[in-house]
Amino acid sequence: MDRGARSRPLHKRNGSLNWSMAAAMLVAVLFLGATVTAQTYTVLYSFDVTHGANPTFSDLLAQGQDGSLYGTTTIGGASNMGVVFKITPSGSLTVLYSFDNTHGNQPRSGLTLGKDGSFFGTTEQGGSSNFGTIFKITASGSLTTLYNFAGGSDGIYPKAPPVQGTDGNFYGTTQTTAYKITPAGKFTGLGNLPGFTFAPLIQGTDGNFYGASYAGGSLNKGAVFKLTSAGKVTTLYNCDGTHGLNPVGPLVQGNDGNFYGDGHAGQGNGEVDITALETSLVGTLQLIVRKDMHLLWPRAETP
C-alpha cells in the first residue's frame, strides 16, 4: 500500500494550511455530537504535467495575503522537476516557477508563509551539490535560493518546509538533521534527529519545536521528538507498532497542551490510527466510499 494514502489533519498555523492535495477513495468524517449537514466535494484543478504533477506529502498549501493558495508539485513544469503554483479559491491556477535543478529539483515540501508575505520551502534534490535547497519565493514568482545543502553535517534531502519561529528565524529538518535559517539565508545546523521526517515542525506554546520522524528511534519505527532553538534534541516517544509506527503527518497542539498526531499503521495492522497522550474521544466515525472518484493506481477500498 502507498504510504502516502492516509488522512492528515487540516490546521492553520502562521498562515499555512495543511490540506490533503490528492483525491481520496475513502473519506472519513468525524461527528462529535453535532448535527452535520451534507458535504460537497469540488475538484478545483486537475494537474497535467505542464502545470505540475504529483503533489505529495507533506505539500502544505499556504494561504497568501491575497487570499489565494500557494503550493508545490514534485514533478512537472518546464523541466519536469516540479513547480510552485498559485490557485485561487475558484480554481484558477498559475505556475509561478518551474524548477531547473540549478535552483532545486522535486519540491515535495509545499510552502509556509513568512511574516514578510513571502513563501518558504525546500527541494529534496538539486542545487549546487544536488542534495536539496531551501528557497524563498514571492507571490509574484521571484525565487531566491537561500541555501544549498552540501551533504555533510548540514544534512541532505529535505522533505518538509521550514516554519517560522517567534524569533523570526525559520526552523526545519532534513533526512538526518535539524537546522535554523534566517530570512536572509544565514544557516545554522542544529544537530541530528532520531530519524527523517516528512512533515514540518511546529512550535509549541513553550517555545520549543516538536516533530515526528518516519523512521529511526530505538525500534526504528519512528519517534516523536522535541527540539530547542539552541539545537538540543530530546526523543519523547519511540513508536513500537502496537501504538502506531512510521508517522508521516505533522503534530498539532491542542488546547489542553498535549500534542496529537497519527501513525501509519499498527493497532491490528490498521491503516488509520490516531494517537495522543492523555486524551479521550466520544463520537461517531462515518466512513464514506466514494465510487465517483478515481486514483491513478489502486490503493485500498473497504468492501
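The values are calculated or read from the model by the stated rules, or taken from the named source; none is laboratory data. Given the structure is predicted, the values throughout are model-derived calculations rather than measurements. FYI the Cβ positions are ideal-geometry reconstructions off the backbone, even for glycines, and counts take in every protein chain you see. Just so you know, the surface numbers come from the protein's heavy atoms only, side chains and all, with ligands and any DNA or RNA stripped out. Shrake-Rupley method; radii C 1.70, N 1.55, O 1.52, S 1.80 Å.
In region 71-93, what count of residues is obtained for those that are in a strand (DSSP E or B), open to solvent by 20 Å² or more (accessible area, probe 1.4 Å) and either without any contact (Cβ under 8 Å) to a residue 24 or more places away in the chain or not β-branched (V, I, T) (or both)?
Within region 71-93, the subset in a strand (DSSP E or B) is 71-73, 75, 83-87, 93.
Cutting the leftovers down to open to solvent by 20 Å² or more (accessible area, probe 1.4 Å) gives us 75, 86, 93.
From the residues that got through so far, the ones that are either without any contact (Cβ under 8 Å) to a residue 24 or more places away in the chain or not β-branched (V, I, T) (or both) too are 86, 93.
Qualifying residue count for the region: 2.
Can you pull out every residue in region 163-175 that is assigned to a loop (DSSP other than H, G, I, E, B) and open to solvent by less than 50 Å² (accessible area, probe 1.4 Å)?
G165, G168, N169, T174
Aromatic (F, W, Y), at pLDDT 95 or above and in contact with a Phe, Trp or Tyr (Cβ under 7 Å, 6 or more places away or on another chain): is that true of F99 in this structure?
no
Looking only at residues that are basic (K, R) and touching a Leu at 6+ places or on another chain (Cβ under 7 Å) in region 206-258, which one is surrounded by the fewest Cβ atoms within 10 Å (Cβ to Cβ)?
K226
Is it fair to say T145 is surrounded by fewer than 21 Cβ atoms within 10 Å (Cβ to Cβ) and assigned to a strand (DSSP E or B)?
It is true that T145 is surrounded by fewer than 21 Cβ atoms within 10 Å (Cβ to Cβ) and assigned to a strand (DSSP E or B).
Hey, among G67, G71, G82, which residue is on the phi > 0 side of the Ramachandran plot and in contact with a Gly (Cβ under 9 Å, 6 or more places away or on another chain)?
Among G67, G71, G82, only G82 is on the phi > 0 side of the Ramachandran plot and in contact with a Gly (Cβ under 9 Å, 6 or more places away or on another chain).
Taking region 147-173 as the region of interest, how many residues are at negative phi and in contact (Cβ under 8 Å) with a residue 40 or more places away in the chain? First the steps, then the outcome.
Here is the first cut: in region 147-173, the ones at negative phi are 147-150, 152-154, 156, 158-167, 169-173.
So of that shortlist, the ones also in contact (Cβ under 8 Å) with a residue 40 or more places away in the chain come out as 147, 158-167, 169-172.
Total satisfying the criteria: 15.
Among G117, G121, which is open to solvent by less than 40 Å² (accessible area, probe 1.4 Å) and assigned to a loop (DSSP other than H, G, I, E, B)? Please lay out each step first, then the result.
On the way: G121 fails: assigned to a loop (DSSP other than H, G, I, E, B).
Among G117, G121, only G117 is open to solvent by less than 40 Å² (accessible area, probe 1.4 Å) and assigned to a loop (DSSP other than H, G, I, E, B).
Could you figure out which of (1) over 25 Å from S213 (Cβ atoms); (2) at pLDDT 50 or above isn't true of T73?
(1)
Name the one entry in A178, A160 that is assigned to a loop (DSSP other than H, G, I, E, B) and aliphatic (A, V, I, L, M).
A160
If T182 satisfies all but one of (1) crowded, with 21+ Cβ neighbours inside 10 Å; (2) more than 20 Å from the chain's Cα centre (by Cα), what's the number of the condition it fails?
(1)
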